[in-house]
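Trainee: The structure is given below, and queries will be raised subsequently.
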Amino acid sequence: MKLGYFPGCSQTGTAKEYDISLRKVVEKLGASFDEIKDWTCCGATSAHVTNHLLANSLAMRNIMLAEQQGLDDLVAPCAACYNRLVLSQYETITHPEIKKEVEEVLETKLQKEIKVMNLIELFQKIGTEKITANRQVELKNMKVACYYGCLLVRPADITKFDDAEQPTSMENLVALTGAKPVDWNYKVECCGAAHTLARRDIVLDLSKKILDDAKEHGANVMVVACPMCHANLDMRQRAMKREYPDHKDFPVLYLTELLGLALGMNEKELGINLHTVEFNYKELPSEKAAV
Amino acid sequence: MKIGVFICHCGENIGRTVDCPRVAKACEWLPGVDVSLDYKYMCSDPGQNMIKDEIRKRKLDAIVVGSCSPHMHEKTFRKAAVDAGINPFLVEIANLREHCSWVHDDIDSSTDKAIDLVRMAVEKVKRNVPLTTIEVPVTKRTLVIGGGIAGIQAALDVANAGYEVVLVEKEPSIGGHMSQLSETFPTLDCSQCILTPRMVEVYQHPRIKLMTYSEVEKVEGFIGNFTVTIRKKARHIDEDKCTGCGLCITKCPTKKKAFNSFEEDLAYRPAVYVPFPQAVPNIPVIDETICMYYKNGKCGMCVKVCGREAIDFHQQDKIVTEEIGAIIVATGYKLYKIDKKPDDSPIKGYGEYGYGKYKDVVDGLQFERIASASGPTSGEFKRPSDGKEPKKVVFIQCVGSRDESKGFSYCSKICCMYTAKHAMLYKHKVHDGEAYVFYMDIRSGGKMYDEFVRRAIEEDGVKYIRGRVSRIYEKDGKYIVRGEDTIAGMPVEIDADMVVLATAMIAQQDASELAQTIGIPYDKYGFYNEAHPKLRPIESTTGGVFLAGACQSPKDIPESVAMASAAAAKALVLFGSDKLEREPVVAYVNESLCAGCFYCKKVCPYGAVEVKEVKDRNGVVYKEVAYVNTGLCQGCGTCTATCPSKSVELAGFNNEEIFAQIAAL
């Protein structure tokens, strides 16, 4: 199975380990990526608050490239990229006048409706049975809080792959690894996103609430599918400790890293050692000891 | 043929943009026109007298009036023509106001157009045929569908005026939602106390035939002459024998098998039950789905204890037909539930409030039951999950209502008032409790309504927060309600013990099916449409069918009662004469031309086209043709346009008349 791949800027920088683990897991599951050649910014944050046409054109340029590369599907692992691509695609499909404008900017006609997939849809497409079949380690010591954040499932009418307020698709994937998803309250709350630079206080407050609620509901690890969320929830824990001295480290993994562990790869291979908060599966208390 | 033309200036309405004297002058020379005059106000007494005088003096056969829309004054001019001795259907109106002067500004061209319009009318009136009004008999009996407060009021009003009423209610008892309420705004008087006397009055009324646990299956016929088929569902208890002693209920071993829907699922009921103690009629119903007898043929405890041998496990549904003259639809509303809906449903649930999974997040009617002295908690405020008294209650208004993303754009109208009432009732009983209300706007229009809300805020100390709640979740037995205070511009979080949602009032689940059965239009939400939003709010567009209460749109008790009395008055107007007169503008079939394709039958929106057998002299059927029931026909002309052989014609608008009009252009 060959799938179009749009890494997005985070995968080449702050979320390098997301890229590493994603490629390894996908390969292990028997699929391969065809990276979009000459991909550009998806138009997130800066573009879509500045200029509507610019935002749509940036997003649609990448979709146009996928089309020219003869692809049918396009994977955008970053939740913000996914959101931008899906939204721009929706706008060009439903508004002929926007499509016309975008086509003028791109100097191309958009013909195909390429299926843009997020991380969860990707694994649903590859086939969840392949995860079960290739599983080498049962991650039974992990109690996982699945965190969706705000962009993955919203707007509900457009993303349409899961419930926007009470999603469960990530839990279903996590359960395949033998880990136990916990039921908790903050899975679709905002982490503060790009405020992390300008208003760190907001991000610390919001992100800490998310981590605390996960802990309170018995989780020992959090799983995310968004590089921005990961940056706020993992990288900001140092600042969190300075602000809230009682804060205890809480490991935050990418969904791909969790799957990688279940598929028999080690922490280093998956890039988990690049996280701020250290994580080692072997150091988790075993399920029996916990009881 | 001698035709008179009368051009009205309508003050300046027509006169400003149409040169009326020139129109009158030009029309003098039209073939067939004997006289052509203009006048400032043709609808005034002198104007009408002018028409009458000319008809008499010149022995006119027909007239054309160039004036406003026929909607306005056709009746006036027809009446004048009748007074002067000509058939009212030999009067034609050329609409020189709405179709000409109001929509144009150039005086020359609009005058030319006005002349054209009059010429067309003249050509039509030449071919008009005198018609006589149709008379249909009236059955002076009323069917009221729905036994809530609106249905009860309508039934009592019609019956007290001396006419028979058949009241059909699908539940085992009448009383509707009002019987579930604890107290009513803005006076805080007990709902049951004011309602039950009315219920008993209905039951004892000699002219009201009460049919509970029954549903309307079929409605045939037309205004004044409906035949209604009603299914009387099997109660499995003989209504004539049962005394309502209730022994079967207390002895029934299936104690907690089904949710009690009267208690809004906050309590249980056995297989044999009456919905509530004051039920009318006080005759139980056996629920086949949970009764042990229907499962394994055993038990029969109720049979053993019943001293009147009233239990009849083998009772079947009964089909009853009733002859009816007027129908009052008073089927009420349903309360929207926030649970998850199917993906394709236009209505969405509230995932952010937990899709109804939190036990202490209740809706308005559930809170009424908790507050009610006859409710599951005997009127003490106890929350459903653990029976503890809630010390902090959050009320959220506009749940569903006014939220396009959830599938509703309308305001449910009563929630602002009942939320204030709820908060007040709570504060009156739990003095150390805190009540918070999240609102978007407070819409408390009505006599003493705004004063009532102010009382909740000022005297009872209910805290009103303007803003929406974005999420509710459970934490350590509390419900964290997170929202926004838009006046303070701050997010707020309240750790409540209980949350009450003022969810939207929606149409009954089977509202559209019933509308199709009766043949009345409804909107996209399933509420029934009135004939005119301002001037005919009680009538449906189907003759003889009237609307009362919340089946038309969300309403409170006083409005429902007022509408019910108005609907009763409308039915009584119908019964004011023995025969109904109606316009003869109906379709008729030329049977010798009709090929019997019945396209007309398929397209008729009123079901007025029937199949008629044509027999030869030996009584053998040799063909089938279409036949128009003039009682049902509304004269829309759809059949005329559809007929491939032009064998259906509309009286007053036949092909010859219409083509002559077109040819005159």
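The values are calculated or read from the model by the stated rules, or taken from the named source; none is laboratory data. The structure displayed is predicted, hence computed values, not measured ones. Don't worry about glycine lacking a Cβ; one is built from the backbone with ideal geometry, like all the others, and counts go over all protein chains shown.
Trainee: From the residues in segment B:449-463 that are of a type outside the set (D, E) and not in a helix (DSSP H, G or I), which one is farthest from the other protein chains (Cβ to nearest Cβ)?
Mentor: My answer is B:G461.
Trainee: Residues A:I93, A:I202, A:I158: which one is among the hydrophobic types (A, V, I, L, M, F, W, C), more than 26 Å from A:S10 (Cβ to Cβ) and surrounded by fewer than 17 Cβ atoms within 10 Å (Cβ to Cβ)?
Mentor: The unique qualifying residue is A:I93.
Trainee: Could I ask something else about it? For segment B:287-312, name all the residues that are free of Cβ contacts under 8 Å to residues at least 40 places away in the same chain, closer than 12 Å to B:K251 by Cβ and touching a strand residue (DSSP E or B) at 6+ places or on another chain (Cβ under 6 Å).
Mentor: Of everything in segment B:287-312, just one residue is free of Cβ contacts under 8 Å to residues at least 40 places away in the same chain, closer than 12 Å to B:K251 by Cβ and touching a strand residue (DSSP E or B) at 6+ places or on another chain (Cβ under 6 Å), namely B:V303.
Trainee: Give the residues of segment A:20-46 that are free of Cβ contacts under 8 Å to residues at least 40 places away in the same chain and among the charged types (D, E, K, R), sorted by residue number.
Mentor: Once the filter is applied, which keeps residues that are free of Cβ contacts under 8 Å to residues at least 40 places away in the same chain and among the charged types (D, E, K, R), segment A:20-46 yields A:R23, A:E27, A:D34, A:E35, A:K37, A:D38.
Trainee: Say whether the condition of being over 30 Å from A:E189 (Cα atoms), modelled with pLDDT of 95 or more and assigned by TED's automatic domain parsing to the domain that holds B:A435 is met by at least one residue in segment B:346-368.
Mentor: Yes, the conditions are met somewhere in segment B:346-368.
Trainee: What about A:L197, is it hydrophobic (A, V, I, L, M, F, W, C), within 28 Å of A:R242 (Cα to Cα) and more than 14 Å from every other protein chain (Cβ to nearest Cβ)?
Mentor: So A:L197 fits the description; yes.
Trainee: What tally of residues in segment B:287-311 results from selecting those that are over 20 Å from B:K170 (Cα atoms) and part of a loop (DSSP other than H, G, I, E, B)?
Mentor: Residues in segment B:287-311 being over 20 Å from B:K170 (Cα atoms) and part of a loop (DSSP other than H, G, I, E, B): 10 in total.
Trainee: Continuing with this model, one more query. Checking A:T108 against (1) surrounded by 17 or more Cβ atoms within 10 Å (Cβ to Cβ); (2) in contact with a helix residue (DSSP H, G or I) (Cβ under 8 Å, 6 or more places away or on another chain), only one condition comes out false. Which one?
Mentor: For A:T108, the exception is condition (1).
Trainee: Which condition does A:D157 not pass, out of (1) modelled with pLDDT of 95 or more; (2) over 26 Å from A:A262 (Cα atoms), if it passes all the others?
Mentor: It is condition (1) that A:D157 fails.
Trainee: Same structure, new question: Out of curiosity, is A:I210 assigned to a helix (DSSP H, G or I), within 14 Å of chain B (Cβ to nearest Cβ) and among the hydrophobic types (A, V, I, L, M, F, W, C)?
Mentor: Numbers: assigned to a helix (DSSP H, G or I): yes; within 14 Å of chain B (Cβ to nearest Cβ): yes; among the hydrophobic types (A, V, I, L, M, F, W, C): yes.
The answer is yes for A:I210.
Trainee: Taking into account only those residues within segment A:155-187 that are within 11 Å of chain B (Cβ to nearest Cβ) and small (G, A, S), which is farthest from A:H217 (Cα to Cα)?
Mentor: Checking each candidate, the answer is A:A156.
Trainee: When you scan segment B:23-39, do you find a residue that is surrounded by 17 or more Cβ atoms within 10 Å (Cβ to Cβ) and within 30 Å of B:I134 (Cβ to Cβ), even just one?
Mentor: Within segment B:23-39, none of the residues are surrounded by 17 or more Cβ atoms within 10 Å (Cβ to Cβ) and within 30 Å of B:I134 (Cβ to Cβ).
Trainee: Which residue out of A:A145, A:A133 is exposed (fewer than 15 other Cβ atoms within 10 Å of the Cβ), among the small types (G, A, S) and on the phi < 0 side of the Ramachandran plot?
Mentor: Checking each option against the conditions leaves just A:A133.
Trainee: Find the residue count for segment B:464-477, including only residues that are more than 11 Å from every other protein chain (Cβ to nearest Cβ), part of a strand (DSSP E or B) and touching a residue at least 60 places away in the same chain (Cβ under 8 Å).
Mentor: Summing the residues that are more than 11 Å from every other protein chain (Cβ to nearest Cβ), part of a strand (DSSP E or B) and touching a residue at least 60 places away in the same chain (Cβ under 8 Å) in segment B:464-477 gives 1.
Trainee: Next up: Just to check your reading of the model, which residue among B:L131, B:L143 is part of a loop (DSSP other than H, G, I, E, B) and hydrophobic (A, V, I, L, M, F, W, C)?
Mentor: So the residue among B:L131, B:L143 that is part of a loop (DSSP other than H, G, I, E, B) and hydrophobic (A, V, I, L, M, F, W, C) is B:L131.
Trainee: Output the number of residues of segment B:59-99 satisfying the condition of being among the small types (G, A, S) and part of a helix (DSSP H, G or I). Steps first, answer last, please.
Mentor: Start the filter on segment B:59-99 by keeping residues that are among the small types (G, A, S), which leaves B:62, B:66-67, B:69, B:80-81, B:84-85, B:94.
With the extra rule that they be part of a helix (DSSP H, G or I), the set shrinks to B:80-81.
Qualifying residue count, segment B:59-99: 2.
Trainee: Could you go through segment B:518-534 and let me know if any residue there is within 14 Å of chain A (Cβ to nearest Cβ), among the aliphatic types (A, V, I, L, M) and closer than 29 Å to B:H177 by Cβ.
Mentor: No: zero hits.
Trainee: Of everything in segment B:175-201, what is assigned to a helix (DSSP H, G or I) and of a type in the set (G, A, S)? Give them in sequence order.
Mentor: Selection gives B:S179, B:S191.
Trainee: Filter segment B:222-272 down to the residues that are without any contact (Cβ under 8 Å) to a residue 60 or more places away in the chain and part of a strand (DSSP E or B), then identify the one that is surrounded by the most Cβ atoms within 10 Å (Cβ to Cβ).
Mentor: The extreme case among them is B:V272.
Trainee: Mind listing whichever residues of segment A:213-244 are within 14 Å of another protein chain (Cβ to nearest Cβ) and in contact with a Phe, Trp or Tyr (Cβ under 7 Å, 6 or more places away or on another chain)? Step through it out loud before you land on a result.
Mentor: Step one: list which residues in segment A:213-244 are within 14 Å of another protein chain (Cβ to nearest Cβ), which gives A:213-218.
If the condition is that a residue be within 14 Å of another protein chain (Cβ to nearest Cβ) and in contact with a Phe, Trp or Tyr (Cβ under 7 Å, 6 or more places away or on another chain), then A:D213, A:A214, A:K215, A:H217 are the ones that fit.
Trainee: Part of a loop (DSSP other than H, G, I, E, B) and under 28 Å from A:V203 (Cα atoms): which single residue out of A:K248, A:K241 fits that description?
Mentor: Testing whether each residue is part of a loop (DSSP other than H, G, I, E, B) and under 28 Å from A:V203 (Cα atoms) leaves just A:K248.
Trainee: Another question, if that's okay. All but one of (1) more than 14 Å from chain A (Cβ to nearest Cβ); (2) surrounded by fewer than 18 Cβ atoms within 10 Å (Cβ to Cβ) hold for B:K357, so report the exception by its number.
Mentor: Condition (1) is where B:K357 drops out.
Trainee: If we keep just the residues of segment B:543-571 that are crowded, with 24+ Cβ neighbours inside 10 Å and over 13 Å from the mean Cα position of the chain (by Cα), which is farthest from B:T184 (Cα to Cα)?
Mentor: Of everything passing the filter in segment B:543-571, B:A571 is farthest from B:T184 (Cα to Cα).
Trainee: Of the residues B:Y588, B:Y606, which is part of a loop (DSSP other than H, G, I, E, B) and surrounded by 14 or more Cβ atoms within 10 Å (Cβ to Cβ)?
Mentor: Step by step, each of B:Y588, B:Y606 is checked, and only B:Y606 is part of a loop (DSSP other than H, G, I, E, B) and surrounded by 14 or more Cβ atoms within 10 Å (Cβ to Cβ).
Trainee: Shifting gears a bit: If B:S409 satisfies all but one of (1) crowded, with 17+ Cβ neighbours inside 10 Å; (2) under 29 Å from B:F527 (Cα atoms); (3) not acidic (D, E), what's the number of the condition it fails?
Mentor: (1)
Trainee: Taking segment B:306-354 as the region of interest, how many residues are within 14 Å of chain A (Cβ to nearest Cβ), touching an Asp or Glu at 6+ places or on another chain (Cβ under 6 Å) and either under 28 Å from B:L167 (Cβ atoms) or not acidic (D, E) (or both)?
Mentor: 2
Trainee: Which pairs turn up if I take residues in segment A:181-201 that are more than 22 Å from A:V144 (Cα to Cα) and in the same structural domain as A:L211 (by TED's automatic domain parsing) and look for partners that are polar (S, T, N, Q) and in a loop (DSSP other than H, G, I, E, B) with beta carbon separation below 8 Å, at least 6 apart in sequence or on another chain?
Mentor: Close Cβ pairs satisfying both conditions: A:A194/A:T45.
Trainee: All but one of (1) crowded, with 16+ Cβ neighbours inside 10 Å; (2) within 16 Å of B:I327 (Cα to Cα) hold for B:G576; which doesn't?
Mentor: All conditions are met except number (1).
Trainee: Moving on. Filter segment B:389-402 for residues that are in contact (Cβ under 8 Å) with a residue 40 or more places away in the chain and either on the phi > 0 side of the Ramachandran plot or not hydrophobic (A, V, I, L, M, F, W, C) (or both) and give the result. Even if it seems obvious, please write down each step before you answer.
Mentor: Kept after step one, since they are in contact (Cβ under 8 Å) with a residue 40 or more places away in the chain, are these residues of segment B:389-402: B:389-401.
Across segment B:389-402, the qualifying residues are B:E389, B:P390, B:K391, B:K392, B:Q397, B:C398, B:G400, B:S401.
Trainee: Looking only at residues in segment A:258-288 that are in a helix (DSSP H, G or I) and acidic (D, E), which one is nearest to A:P181 (Cα to Cα)? Spell out how you get there, then give the answer.
Mentor: So the first thing to find is which residues in segment A:258-288 are in a helix (DSSP H, G or I), and the list is A:258-262, A:267-270, A:272-274, A:281-283, A:287-288.
From what's left, acidic (D, E): A:267, A:269, A:283, A:287.
Numbers: A:E267: 20, A:E269: 24, A:E283: 19, A:E287: 14 Å.
Of everything passing the filter in segment A:258-288, A:E287 is nearest to A:P181 (Cα to Cα).
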